Amino acid sequence: MIDIRLLRSEPEFVKTAMARRAKPALLDELENAQRLDARLRDITTERDAIRAQINTVSKDIATMRRTKDDSGAEALMAKSRALGETEKKLANEYDEVSFSLREVLLLIPNLPHEQVSDGSSDKDNRVVKGPLQMPVQFEKHQRVPHWETGTALGILDNERATKISGSMFTMQRGLGATMARALCQLALDRNADAFEEIRPPSLVLSSTLTATGQLPKFADDAFAIERDDLWCIPTAEVPLTSLHAAETLNAQDLPLRYMAHTSCFRREAGSAGRDTRGMLRTHEFDKVEILAVTTAQQAPEMLIELTNRVEATIAALGLPYRVLEICTGDLGQSHHRSFDIEVYAPGCDQWLEVSSISWFSDYQARRADIRCKHAGEKGSEIAHTLNASALAVPRVWAAIVENFRQADGSVAIPQVLQPYMRGAKVIPASSQTKS
């Protein structure tokens, strides 16, 4: 969440930055937060004054007891009790206002970085690199959607996935399943030089989902197990961020770098009828996530490193790609600055987002209470978090099937994946899965 102290000390700066998100209602929320924060401070002042009065009255009562002035002591005791009741009411109001302020702050998004371009929607996102690795032209056999090729080769069986689990679930088979697993292993291996591999739980508490900004705003997009107060993770970013929740880290140990391969679960509540064919949008998918916890000073360089790592993996796969910077109006709830990497799928005739690389500044870490302390300095500061999809299977898988489809209907396997494919270099047109 944003720093309430910054809103208190530099309200115009915060409002100007928030206005760049092109959502006027957010300014009303900031006003609400200011009002609640002001009331909290007023309550504190009133409560402190009453406590001081109670202390004074208590001393006066003791004096009157010593001088045998019982009637005066009784009168002061009645006054003390009345002051105590007032203090109790103020304490209750403080708790209520404090809760309301936190609820408001949880819904207010992060402030955009000053270098992020202004815009109102994804149409204003800027291409900052590419397109790269684009052929002069795509052949006719590459213009076949991956769901048609996948079904014909027996490597994609969404019909049975729907029978098992309902709509918007997918299932890879044979070499299709092998390639999905190979993509994840490739991403893990390419980042193992600097990132510790973690296999976190796939179910997390509400507090864990709140720390990264998914709750309360995006509850409708998550799968909940209400009886146990657990949620299916939408991304490994969620458990990885909370590894150090409520901890104070030594700044000299930063950055901390983690990676995880997990299944991810998203309800995709607003996607009915949109990109739901094939592998483009699904309730469950595999993804490798990379995440870093840094100091504020380390974060800009880490954002560049994460972007370069993801780009290098996509480039190694031989896919046509480009890099976009996300404008202010399209930034996610928690994002301070973000880049997307998109690959071109000739069968779908679409640019597909395959990775989002994001710097959250101290927004997530404040929610999770992740702090860092510099040696020799008093106090501590909120850490910064960053993450990236090192490789999300569905759309990369789809782009490979379309870009590497050959004239005979087979699919060549990118060379960088072949060591993970049990010797296979092509998914042959004869590899039909048996009914």
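The values are calculated or read from the model by the stated rules, or taken from the named source; none is laboratory data. Since the model is a prediction, treat every value here as computed from it, not as a measurement. Here Cβ is always computed from backbone atoms with ideal geometry, including for glycine, and neighbour counts include all displayed protein chains.
So is Val401 in contact (Cβ under 8 Å) with a residue 60 or more places away in the chain, surrounded by 24 or more Cβ atoms within 10 Å (Cβ to Cβ), in the same structural domain as Met134 (by TED's automatic domain parsing) and more than 21 Å from the chain's Cα centre (by Cα) or not? Can you show your working first?
Values: in contact (Cβ under 8 Å) with a residue 60 or more places away in the chain: yes; surrounded by 24 or more Cβ atoms within 10 Å (Cβ to Cβ): yes; in the same structural domain as Met134 (by TED's automatic domain parsing): yes; more than 21 Å from the chain's Cα centre (by Cα): yes.
When the stated conditions are applied, Val401 passes them.
Out of curiosity, is Arg39 under 26 Å from the mean Cα position of the chain (by Cα) and of a type in the set (Lys, Arg)? It would help to see each step written out before you state the result.
Values: under 26 Å from the mean Cα position of the chain (by Cα): no; of a type in the set (Lys, Arg): yes.
The answer is no for Arg39.
Please verify whether segment 406-413 includes one or more residues that are surrounded by 20 or more Cβ atoms within 10 Å (Cβ to Cβ) and either modelled with pLDDT of 95 or more or part of a strand (DSSP E or B) (or both). Outline the logic, then answer.
If we filter segment 406-413 for residues that are surrounded by 20 or more Cβ atoms within 10 Å (Cβ to Cβ), which is where we start, we get 411, 413.
So of that shortlist, the ones also either modelled with pLDDT of 95 or more or part of a strand (DSSP E or B) (or both) come out as 411, 413.
The answer is yes, given that some residue of segment 406-413 is surrounded by 20 or more Cβ atoms within 10 Å (Cβ to Cβ) and either modelled with pLDDT of 95 or more or part of a strand (DSSP E or B) (or both).
Residue count for segment 349-363, restricted to those that are over 30 Å from Pro216 (Cβ atoms) and assigned to a loop (DSSP other than H, G, I, E, B): 1.
Residue check: Lys123 meets all listed conditions (1) surrounded by fewer than 16 Cβ atoms within 10 Å (Cβ to Cβ); (2) part of a helix (DSSP H, G or I); (3) touching a Ser or Thr at 6+ places or on another chain (Cβ under 7 Å) but one, namely (3).
Here Ile4 passes the criteria (1) more than 30 Å from Pro112 (Cβ to Cβ); (2) surrounded by 15 or more Cβ atoms within 10 Å (Cβ to Cβ); (3) β-branched (Val, Ile, Thr) except the one numbered (1).
Looking at segment 201-312, the strands (runs of 3 or more DSSP E) lying wholly inside it that each contain 1 or more residues that are touching a residue at least 60 places away in the same chain (Cβ under 8 Å) and closer than 26 Å to His113 by Cβ sit at 247-250, 256-265, 284-294.
Taking the criterion of being surrounded by fewer than 17 Cβ atoms within 10 Å (Cβ to Cβ), among the acidic types (Asp, Glu) and outside any helix (DSSP H, G or I), the only residue of segment 137-166 that qualifies is Glu139.
Glu103 meets each of the listed conditions (1) under 24 Å from Pro320 (Cβ atoms); (2) outside the structural domain of Ala219 (by TED's automatic domain parsing) apart from (1). Residues that are surrounded by 12 or more Cβ atoms within 10 Å (Cβ to Cβ) and of a type outside the set (Gly, Ala, Ser) were ranked within segment 56-73; the one that is farthest from the chain's Cα centre (by Cα) is Asp69. Pairs are defined by a Cβ separation below 6 Å, a sequence spacing of at least 6 or placement on different chains, a first member in segment 320-346 that is closer than 22 Å to Arg20 by Cβ, and a second member that is at pLDDT below 95 and crowded, with 24+ Cβ neighbours inside 10 Å; the pairs so defined are Gln333/Gly213; Ser334/Gly213.
Residues in segment 232-247 that are surrounded by fewer than 15 Cβ atoms within 10 Å (Cβ to Cβ) and of a type outside the set (A, V, I, L, M, F, W, C): Glu247 alone.
Quick one: would you say Tyr321 is in contact with an Asp or Glu (Cβ under 8 Å, 6 or more places away or on another chain) and of a type outside the set (A, V, I, L, M, F, W, C)? Step through it out loud before you land on a result.
On the way: in contact with an Asp or Glu (Cβ under 8 Å, 6 or more places away or on another chain): yes; of a type outside the set (A, V, I, L, M, F, W, C): yes.
Here the answer is yes, as Tyr321 does meet what is asked.
Screening the candidates Arg322, Arg366, Arg371 for the property of being assigned by TED's automatic domain parsing to the domain that holds His146, of a type in the set (D, E, K, R) and part of a helix (DSSP H, G or I) yields one hit, Arg366. Among the residues of segment 222-254, those that are at pLDDT 95 or above and among the charged types (D, E, K, R) comprise Glu237, Glu247, Asp253. Restricting attention to segment 154-173, the residues being in contact with a strand residue (DSSP E or B) (Cβ under 8 Å, 6 or more places away or on another chain), of a type outside the set (Val, Ile, Thr) and within 23 Å of Gln418 (Cβ to Cβ) number 3.
Tell me whether segment 168-176 contains one or more residues that are outside any strand (DSSP E or B), in contact (Cβ under 8 Å) with a residue 12 or more places away in the chain, surrounded by 21 or more Cβ atoms within 10 Å (Cβ to Cβ) and small (Gly, Ala, Ser). Looking for residues that are outside any strand (DSSP E or B), in contact (Cβ under 8 Å) with a residue 12 or more places away in the chain, surrounded by 21 or more Cβ atoms within 10 Å (Cβ to Cβ) and small (Gly, Ala, Ser), one finds at least one in segment 168-176, hence yes.
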